[in-house]
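Input: a single structure, listed below in structure tokens.
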Amino acid sequence: MQSPTMKSIIDTLNRRFRMAGQLQFVDNGNGLPVADIQTPQASARVALQGAQVLAWQPAGHKPVIWLSQAAVFEPGQAVRGGVPVCWPWFGAQGGLPAHGLVRTRLWALREAAMDAASQVVLRFGLGDDASTRALWDFPFDLELVVTVGATLAMALTTRNTGEKPFTITQALHTYFCVGNIGQTSVQGLDDTDYLDKVQNFALAKQSGAVEFTGETDRIYINTTADCRIEDRAWQRTLQIAKTGSTSTVVWNPWREREKALPDMAAGEYLGMLCVETCNAGPDQITVAPGHAHTLSARLSVA
Ligand code: TA6
């Protein structure tokens, strides 16, 4: 049942930002507000919890962004799939929540607009409060601008609104749909060093394209390269261009690790792949007071 508060949030979003036939706000089934976008260029869904893109499908193509059939939509719980925003840390951090503080928080929608190229632009924002300060004691302002069209652009800007510098790691942890992981490769990382999480973060070097024959969980370091996902089963190429990032994470849990993830259905690993635009591992960003850093990714189907 939708709570009166969520209903009023959705009503307010529709009153302020709805664009007839192109953008509306709906309850995703469990009371969480979701922006639903339908334009001649693409369809997309973006949850206000986590400012998390859940779906993007450019016209004439199969879906690009993967979402688990077993994903759980509950306030305060991470959603398996889409594009979780990992911030201000990527991965584990002592006893603190994995992948940071913001993927399970409700963000504000600061602006919705149609740009000159008829793309829908959503600007989400989140600032510090007592609950973020309890876990990470810095003042900040975070914005994610999502631009939905024949390409999908995401730009995450971190502003230090305090008086001391802070250091972050972060990711646009993008889950892609693929026809068959065994017939998929990632180009753009040849000759790049990586930390192999499956081998206790051992340092290794990529040779040629990344191919998948088992659990893969790697932080590629010192790389500003754009990547391409070559999907032989669906005969398509997905392109990932990035700025503000010198690391890229590639992840597929494969059969065994998938079993440990209750929010993935059996065999779903075959149809997904994460290629994540990051500042992760040794790629850490220090933001001085009054300064900002932007991490961005632009996805397209070739
Ligand atoms: O980006 C790869 C990774 O850090 C993996 O190690 C894996 O655990 C994955 O993210 C998912 O993390 P999550 O906290 O969403 O279960």
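Worth a mention:
- Residues in region 1-22 that are β-branched (Val, Ile, Thr), surrounded by 13 or more Cβ atoms within 10 Å (Cβ to Cβ) and at pLDDT below 90: none.
- Counting only residues that are surrounded by fewer than 16 Cβ atoms within 10 Å (Cβ to Cβ) and not charged (D, E, K, R), region 186-208 holds 9 of them.
- Any chance Asn279 is open to solvent by less than 30 Å² (accessible area, probe 1.4 Å) and under 20 Å from Gln187 (Cβ atoms): no
- Hey, Ala117 away from the ligand (no atom under 16 Å from the Cβ), touching a helix residue (DSSP H, G or I) at 6+ places or on another chain (Cβ under 6 Å) and small (Gly, Ala, Ser) or not: no
- Residue selection: Gln183 fails the criterion of being within 20 Å of the chain's Cα centre (by Cα) and at negative phi.
- Restricted to region 232-248, and to residues there that are more than 20 Å from Val301 (Cα to Cα) and in contact with an Asp or Glu (Cβ under 6 Å, 6 or more places away or on another chain), the residue that is surrounded by the fewest Cβ atoms within 10 Å (Cβ to Cβ) is Thr246.
The values are calculated or read from the model by the stated rules, or taken from the named source; none is laboratory data. Computed from a prediction, not measured in an experiment: that's the story for all the values here. In this analysis, Cβ positions are derived from the backbone assuming ideal geometry, glycine residues included, and neighbour counts consider all displayed protein chains. Quick note on the areas: whole protein, heavy atoms, side chains included, nothing else; ligands and nucleic acids left out. Shrake-Rupley method; radii C 1.70, N 1.55, O 1.52, S 1.80 Å.
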